[in-house]
1. Within region 270-281, does at least one residue satisfy the condition of being under 26 Å from the mean Cα position of the chain (by Cα), free of Cβ contacts under 8 Å to residues at least 24 places away in the same chain and surrounded by fewer than 23 Cβ atoms within 10 Å (Cβ to Cβ)?
2. Tell me the residue from 341, 290, 306 that is buried (at least 23 other Cβ atoms within 10 Å of the Cβ) and either touching a strand residue (DSSP E or B) at 6+ places or on another chain (Cβ under 6 Å) or at pLDDT 95 or above (or both), please.
3. What tally of residues in region 87-102 results from selecting those that are surrounded by 15 or more Cβ atoms within 10 Å (Cβ to Cβ) and under 21 Å from the mean Cα position of the chain (by Cα)?
4. Can you give me the number of residues within region 311-327 that are surrounded by fewer than 21 Cβ atoms within 10 Å (Cβ to Cβ) and outside any strand (DSSP E or B)?
5. I'd like to check something: does region 232-249 contain any residue that is under 19 Å from residue 340 (Cα atoms), assigned by TED's automatic domain parsing to the domain that holds residue 340 and touching a helix residue (DSSP H, G or I) at 6+ places or on another chain (Cβ under 9 Å)?
6. When you scan region 127-136, do you find a residue that is closer than 19 Å to residue 346 by Cα, part of a loop (DSSP other than H, G, I, E, B) and either assigned by TED's automatic domain parsing to the domain that holds residue 192 or touching a residue at least 12 places away in the same chain (Cβ under 8 Å) (or both), even just one?
7. Return the residues of region 108-124 that are touching a residue at least 60 places away in the same chain (Cβ under 8 Å) and surrounded by fewer than 18 Cβ atoms within 10 Å (Cβ to Cβ); say none if nothing qualifies.
8. Just to check your reading of the model, which residue among 339, 297, 303 is under 25 Å from residue 257 (Cα atoms), out of contact with any helix residue (DSSP H, G or I) (no Cβ under 9 Å at 6 or more places or on another chain) and in a loop (DSSP other than H, G, I, E, B)?
């Protein structure tokens, strides 16, 4: 009888189903899919949102505020570094004699906030804290992930007045001539690769900053190895052509009051077969503002926009969709679908809002 009981137990154990495996996150394919961070209580969630279908995937949850959030994807978008930089806050944009009041108020830097970073998989639930490099005299400018999955830190180091007088600066065993630096401020830029809890320097170059054409850490080859970054995707530099033709008269009526030819111009982009018009200001470079309209032959300001010509905004299109968000920080995202110009998503609490990078491919899943 004891033998029989033993056999029955063994049979039941052999038929028991294994625990289900944790499902991997799918690679998004819809052109309207967004990447953004939203506060939830005392935490911050990184979400993959598809507004048209109304689906949301929470990729990771981080302790603390979402303020200062910026993302740097790997080239295939299978991983990302999520970095909370307390100095990255929302600013109204700019002010001139003809510009309007910004639509959203400035944020103050929280001097007590601590920087923190995490490397996150976008294919499966996996979050790992990243210790930030603490290197005396060096300022962290960028964190990212290269194609091999290595976390890279790009840092900037000022050149001393003594080195400027000598005309050369030494870093480690290398000496760099300052003879060709005629504009901006010379700086040393360094790339460090994370190795466990330590950081190893892998590249150093001489660069410049403090002027419109200063590259800073972008002069590093390591910078070219990183994937899409939210701070770049949220830059206020839309690629558009000067507007005119049948819409010119209507656009003139929408221009900032008393604006002249030197104060800005209307540009247009295409989305869903429709033209979208944006008021653009120019300095050394052109910047897109939050005065945005659509419709033909008489364009009208987009509904429920919230931004004004006093805000600098990022404008990005993906298929029939247009995403508008505050420059650099990616706050107050508004997603419109064209040709109707319908608002399909908006948030006044999200940050680092961008379209999901189109570099992601279905075959880029991480190995199990």
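1. No, that holds for no residue.
2. Numbers: 341 fails: buried (at least 23 other Cβ atoms within 10 Å of the Cβ); 306 fails: buried (at least 23 other Cβ atoms within 10 Å of the Cβ).
After applying the criteria, what remains is 290.
3. Total satisfying the criteria: 7.
4. 2
5. No: zero hits.
6. no
7. Within region 108-124, 124 is the sole residue that qualifies.
8. 303
The values are calculated or read from the model by the stated rules, or taken from the named source; none is laboratory data. Note that the coordinates shown come from a computational prediction; the quantities given were computed from them, not determined experimentally. So basically every Cβ, Gly included, is an ideal-geometry build from the backbone, and we count neighbours across all protein chains shown.
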